[in-house]
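One structure is given here, and the rest of the page talks about it.
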């Protein structure tokens, strides 16, 4: 007699396991511990076999019967339901191991050691936030271009178009890694070129006209805030390093006798040397009695154990009345790059190497940190002399540069 839900629900455990039969070979096994497990008995090839159909109450009576009926259809087609289930599980496991997220994380682990920490954190955070929730579980070989575009559109729709473009680039690298490791046949991100609106490039605000550099420097030298910030403002145009590298400079990396600053570039994790002109050394010697006993050349206002805030230099520029659309801390790099090339005629590769860009020789090899060092020493001293000449030149006027004096202050 077929079972009823009441019969199954009220079945009590006994000293030994026992079964309650339904119909068509389906029954439920009640264990001494009170567990209730569905089983289906069938025959194939003259052999009797059992197939698990789940546990009660997770699988109620009606669902167990539906599973039995599906298995009987396979059996009627000559397919062993047990073998079919094993094959399905194997396929599911293989699909999971070849999912976009699994392969993307494998790709990330393979490459993160060669990236700056900040870059690696940004890449994995972007994938986890914007990509994995939508295509992460999908087998990478089954993902289509429209499917990927839909995920990227979500990023674009929240106003982060540049992030969407970066996500497409990262996804493309994952697809190409999957191709190289035999788990995909093509990079569908390539089909999306032009699908996203182009990003409007915003160049860092800078002053590149030599006629305006002198007035700018005179304003910088007039800053009346803390000594550390005054020195940072004076060193920024002299050294033209990335703002983050300047504010985190450490005394241990600076050799005033050799007139050089050696550190690891955060963006590329490569060694770099900044030759120090005599003017830069004078500024550092002025600051050394104040901060030289600590770790950082420019310690924070609240703790010497931490470097100066990333907004300090830009905030000082704003207090001096220099608008953000005219100059940022990063703009000193564009100033040096442009004037050293157009006015002084230094070779582009020498300038680019001093900027710590990824410069390569004619054979495609990356230059080491000492490449062109004599020329770079000469260039840095000539640049410092040139800035001095501009600074002590003609009297600044407001028509030369929109520098509207702001209130003085510290960090």
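Taken together, the values in this text are just the output of simple stated rules run on the coordinates, not laboratory data. Note that this is a predicted model, so its numbers are computed, not measured. Positions of Cβ are generated from backbone atoms using ideal geometry, with glycine treated the same way; all protein chains shown enter the neighbour counts.
Name the most mobile residue of 82, 118, 189, meaning the one with the largest mean-square fluctuation, in a Gaussian network model of the chain with Cα contacts below 10 Å.
Maximum among the listed residues: 82.
Pick from 378, 49, 267: which residue has the top mean-square fluctuation in a GNM of the chain where Cα pairs under 10 Å get a spring?
With Cα springs under 10 Å in the chain, the top fluctuation among 378, 49, 267 is at 49.
Indicate the gyration tensor shape class of the range 146-206 (rounded, prolate or oblate), computed on the Cα atoms with a ≥ b ≥ c the square roots of the eigenvalues: a/c under 1.5 is rounded; otherwise a/b larger than b/c is prolate and the rest oblate.
Prolate.
Helix 61-76 versus the longest principal axis of the chain: what is the Cα-based angle in degrees, 0 to 90, to the nearest 10?
80
Label residue 378 and residue 179 with points 7 Å out from Cα along Cα→Cβ: what is the distance between them in nm?
4.6
Per DSSP H run of n ≥ 4, the term is -39500 (n - 2.57); total these for the chain, divide by its residue number, and report the mean residue ellipticity at 222 nm rounded to 500 deg cm²/dmol.
One gets -14000 deg cm²/dmol as the mean residue ellipticity at 222 nm.
Between residue 115 and residue 262, how many nm apart are label points set 7 Å from Cα along the C-beta direction?
That separation, rounded to one decimal, is 2.9 nm.
Between residue 270 and residue 23, what's the calculated FRET efficiency when r is the beta-carbon distance and R0 is 60 Å? Round to 0.05.
My answer for the efficiency is 0.25.
Which residues in the range 1-34 have a backbone N closer than 15 Å to a point placed 7 Å from the Cα of residue 66 along the Cα-to-Cβ line?
No residues fall inside that zone.
Mind running the shape call on the range 100-192? Use the C-alpha gyration tensor, a ≥ b ≥ c as the square roots of the eigenvalues: rounded below 1.5 for a/c, prolate if a/b tops b/c, oblate otherwise.
It is oblate, given that a/c is not under 1.5 and a/b is not larger than b/c.
Using R₀ = 45 Å, calculate the FRET efficiency as 1/(1 + (r/R₀)^6) where r is the Cβ-Cβ separation of residue 97 and residue 1; round to 0.05.
Between residue 97 and residue 1 the formula returns 0.45.
Could you tell me which of rounded, prolate or oblate describes the range 210-391, using a ≥ b ≥ c as the square roots of the eigenvalues of the alpha-carbon gyration tensor, with rounded for a/c under 1.5 and, failing that, prolate when a/b is larger than b/c and oblate otherwise?
Note, shape of the range 210-391 comes out oblate.
Give me the percent relative contact order of the range 260-329, please, defined on Cα pairs under 8 angstrom at least 6 residues apart.
Answer for the range 260-329 is 14 percent.
Using a 10 angstrom cutoff on alpha carbons, build the Gaussian network for the chain and name the most mobile of 261, 251, 40.
Ranking 261, 251, 40 by mean-square fluctuation puts 40 first.
For helix 227-239, what angle does its Cα long axis make with the longest principal axis of the chain, in degrees from 0 to 90 and rounded to 10?
Helix 227-239 sits roughly 90 degrees off the main axis of the chain.
Under the Kirkwood approximation for Rh and a Cα-based Rg, what ratio Rg/Rh is obtained for the range 5-88?
Details: Rg = 13.3 Å, Rh = 13.4 Å.
Over the Cα atoms of the range 5-88, Rg/Rh equals 1.00.
Measure out, as a whole number of angstrom, how far apart the alpha-carbon centroids of the range 237-312 and the range 149-204 sit.
Here the answer is 37 Å between Cα centres.
After finding the eigenvalues of the alpha carbon gyration tensor for the chain, what semi-axes result from the square roots of 5 times each, listed largest first in whole Å?
70, 24, 20
Which whole-number percent is the relative contact order of the chain (Cα, under 8 Å, 6+ apart)?
Normalised by residue count, the contact order of the chain is 13 percent.
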